[in-house]
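Heads up, the thing below is written out as structure tokens.
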Amino acid sequence: MLKLLDMKYKQIDLSGLKTYSIKDRSSKVSAEKSALPHKKGNSFGEFIKGLPDFLASQELKAVVQAIVKAHKNKRPVVLGMGAHSIKVGLSPLIIDLMQKGVITAIATNGACIIHDFEISYIGQTSEDVARELCTGTFGMAKETGQMLNNAINNGVKKGHGIGRSIGEFIDSSNFAFKDKSIFRAAYTLNIPATVHVAVGSDIIHMHPEADGASIGEGSLGDFRLFTSIVADLEGGVYINLGSAVVLPEVFLKALTIARNLGNKVEEFTTVNMDFIQHYRPRENVLKRPTMMKGQCFALTGHHEIMFPLLSAMVIEELG
């Protein structure tokens with residue numbers, strides 16, 4: 001059988017192959033879009049101009065333009081964030097964008113208030129979880145458990161959500177580093193800051209001061225406040241910075257309510273920034289919300305590099 005096949009098939013004759021000039025071909029890469037070498041003493045604006053105009057660099061520039069356009073058109077730029085953003089030192093940049101009127105609302109998971117509080121209280125945060133877990137002392141910092149739970153309990157009694165309760169508490173304190181608090185900045189600037197809690201997921205839930213009714217009522221109020229923010233997102237930008245589970249789910253539900261109630265939320269931009277692109281942000285922040293219209297971008301990289309770069313490029317563009 002093999003001998004018959006060898007006799008039937010021969011090497012194909014390529015002499016009749018049709019070709020064309022490369023000059024007539026459409027190409028995706030051109031020399032003019034290549035990076036420019038950095039020169040010592042160049043400005044940051046010159047550095048940006050020197051970035052290659054391909055793939056992630058191209059998308060980063062598009063995100064910057066979307067944020068700048070939203071800002072100039074007085075449309076929302078909402079930052080949803082996980083606690084790692086605070087732990088890697090991004091609070092001053094986030095606060096700066098809030099003060100400049102670029103970020104118009106903040107949404108966080110429950111862990112954010114813990115690290116935000118500890119930074120404002122003593123200027124440091126983030127315990128060694130593995131070591132403390134071995135001795136049963138993980139999450140047992142007295143001040144964190146007592147002060148945050150009491151702030152939530154007191155704030156909810158006034159009709160506040162968790163975000164406003166924490167912001168008001170830190171603002172009224174004499175903490176040495178309270179100018180580093182995102183929630184305090186939101187409170188003083190009258191910017192919505194919402195906290196979306198999964199009960200049992202945060203260390204303050206282990207403390208006796210934790211009150212399930214207050215946590216639930218405060219977080220539910222924040223969800224409804226967040227939903228009203230999402231309902232006004234037309235022409236705006238929603239950025240998911242680091243949260244891979246809670247906020248993508250919350251965002252999808254808020255968007256559903258907003259559209260169900262007749263709000264037009266179609267033409268907007270969503271962005272996911274993380275060092276791994278997870279399923280929920282990809283589906284619930286990027287793809288599903290922008291299926292009808294709008295645009296979405298996945299920027300992959302470490303928060304402590306990517307967000308400062310994005311922030312600086314936005315500021316540079318705004319002048």
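The values are calculated or read from the model by the stated rules, or taken from the named source; none is laboratory data. Not measured: the values here are computed from a predicted model. Backbone-built Cβ (ideal geometry, glycine too); neighbour counts: all protein chains shown. Each accessible area value is taken on the protein alone, full model and side chains, heavy atoms only, with ligands, DNA and RNA left out. Shrake-Rupley method; radii C 1.70, N 1.55, O 1.52, S 1.80 Å.
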Residue selected from the stretch 214-229 under the condition over 22 Å from E118 (Cα atoms) and out of contact with any strand residue (DSSP E or B) (no Cβ under 6 Å at 6 or more places or on another chain), by the criterion least open to solvent (accessible area, probe 1.4 Å): T227
Sole exception among (1) out of contact with any His (no Cβ under 9 Å at 6 or more places or on another chain); (2) open to solvent by less than 70 Å² (accessible area, probe 1.4 Å) for A176, by number: (2)
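What residue, of A62, A35, is more than 28 Å from H196 (Cα to Cα), among the hydrophobic types (A, V, I, L, M, F, W, C) and either part of a loop (DSSP other than H, G, I, E, B) or in contact with a His (Cβ under 7 Å, 6 or more places away or on another chain) (or both)?
Details: A62 fails: either part of a loop (DSSP other than H, G, I, E, B) or in contact with a His (Cβ under 7 Å, 6 or more places away or on another chain) (or both).
Every option except A35 fails the conditions.
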Test set (1) in a helix (DSSP H, G or I); (2) surrounded by 19 or more Cβ atoms within 10 Å (Cβ to Cβ) - P308 fails condition number: (2)
One residue from D211, D171, D128, D202 being loosely packed, with under 14 Cβ neighbours inside 10 Å and charged (D, E, K, R): D128
Those residues of the stretch 302-319 which are at pLDDT 95 or above and among the small types (G, A, S), in sequence order: S311, A312
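Does the stretch 122-137 include one or more residues that are under 20 Å from D211 (Cα atoms) and touching a residue at least 12 places away in the same chain (Cβ under 8 Å)? Quick ask: steps written out before the conclusion?
Start the filter on the stretch 122-137 by keeping residues that are under 20 Å from D211 (Cα atoms), which leaves none.
No - not one qualifying residue is present in the stretch 122-137.
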Matching residues, the stretch 81-96, being assigned to a helix (DSSP H, G or I), among the small types (G, A, S) and more than 15 Å from S120 (Cβ to Cβ): S85
Residues that are open to solvent by 30 Å² or more (accessible area, probe 1.4 Å) and farther than 22 Å from I152 by Cβ, drawn from the stretch 93-123: L93, D96, Q99, K100, G101, T104, G123
The lone exception for D232 - which of (1) under 26 Å from H278 (Cβ atoms); (2) open to solvent by 10 Å² or more (accessible area, probe 1.4 Å) it fails: (1)
Enumeration of residues in the stretch 242-264 that are surrounded by fewer than 20 Cβ atoms within 10 Å (Cβ to Cβ) and under 11 Å from P289 (Cβ atoms): L252, T256, R259
Cβ pairs under 8 Å, 6+ apart, first in the stretch 199-210 and farther than 13 Å from C112 by Cβ, second open to solvent by 40 Å² or more (accessible area, probe 1.4 Å) and of a type in the set (S, T, N, Q): H207/Q146; E209/Q146; E209/N150
Qualifying residue in the stretch 265-283 (condition: part of a loop (DSSP other than H, G, I, E, B), farther than 14 Å from V237 by Cα, open to solvent by 80 Å² or more (accessible area, probe 1.4 Å) and modelled with pLDDT of 95 or more): no
Candidate set from the stretch 48-76 (those that are open to solvent by 80 Å² or more (accessible area, probe 1.4 Å) and at pLDDT below 95); member that is farthest from the chain's Cα centre (by Cα): K49
Residues (part of a helix (DSSP H, G or I) and open to solvent by 80 Å² or more (accessible area, probe 1.4 Å)) located in the stretch 287-303: K287, R288
